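Data first, discussion second: the structure below is written as structure tokens.
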């Protein structure tokens with residue numbers, strides 16, 4: 001994941017950071033689609049997997065516990081964690097696959113699942129959490 005830097009005194013909200021992560025991940029997915037050769041696709045795919053792993057760790061260890069505390073919606077968090085679990089399984093398989101048709105097909109599955117997950121977070125979870133009164137700046141500082 002790209003290193004997050006903050007100027008002295010700068011306050012960054014949790015949702016801003018997570019949305020930036022989502023944008024970077026979507027951009028890597030687009031780059032994968034734009035690549036002409038399998039080796040380049042594998043390089044971009046591996047970078048996307050690294051981003052996803054770091055992002056998932058932040059969500060699971062910092063963000064989701066805060067969402068659960070604020071919204072008391074365990075079904076929402078259970079769904080999000082299940083999506084992460086499926087992405088982790090595909091990511092582990094992809095790490096060991098050589099570049100080629102099989103890698104590309106599995107990466108497309110990963111992409112679809114992650115895009116669906118991002119849409120759920122940004123359209124359902126984030127708006128609910130934003131209205132919860134949680135301290136987004138404090139959580140953002142912990143994430144950064």
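In terms of other Cβ atoms within 10 Å, 123, 56, 83 run from fewest to most in the order 123, 83, 56. Modelled this way, with points 7 Å down the Cα-to-C-beta line, the labels at residue 86 and residue 142 are 2.8 nm from one another. What FRET efficiency, computed as 1/(1 + (r/R0)^6) with R0 = 35 Å and r the Cβ-Cβ distance, is obtained for residue 96 and residue 69, rounded to the nearest 0.05? The pair residue 96/residue 69 has a calculated efficiency of 0.40. For the pair residue 40 and residue 130 in one chain, pulling the backbone fully straight at 0.36 nm per residue adds 28.6 nm over the alpha carbon distance.
With a Förster radius of 22 Å applied to the C-beta separation of residue 79 and residue 112, the computed FRET efficiency comes to 0.85.
Using the alpha-carbon atoms, what tilt in degrees (0 to 90, nearest 10) does helix 74-96 show relative to the longest principal axis of the chain? Here the helix axis deviates by roughly 30 degrees. What angle, in degrees between 0 and 90 and rounded to the nearest 10, separates the Cα long axis of helix 38-58 from the longest principal axis of the Cα atoms of the chain? Taking the Cα atoms of the chain, the angle to 38-58 is about 20 degrees. Using only Cα atoms and rounding to the nearest 10 degrees, what angle (0 to 90) does helix 14-34 make with the longest principal axis of the chain? Rounded to the nearest ten degrees, it is 10. Need one number: nm distance between label points at residue 53 and residue 123, each 7 Å from Cα along Cα→Cβ, rounded to one decimal. Between residue 53 and residue 123, the label points sit 3.1 nm apart. For the residues 21, 34, 46, a GNM of the chain with alpha-carbon springs under 10 Å puts the largest fluctuation on 34. Please identify, among 22, 102, 55, the residue showing maximal mean-square fluctuation in a Gaussian network model of the chain using a 10 angstrom Cα cutoff. Comparing 22, 102, 55 in the GNM, the peak value goes to 102.
Every read-out reported here was derived from the displayed coordinates using simple, explicitly stated rules and does not represent laboratory data. Just so we're clear, the structure is a prediction, and the values are computed from it rather than from any experiment. Backbone-built Cβ (ideal geometry, glycine too); neighbour counts: all protein chains shown.
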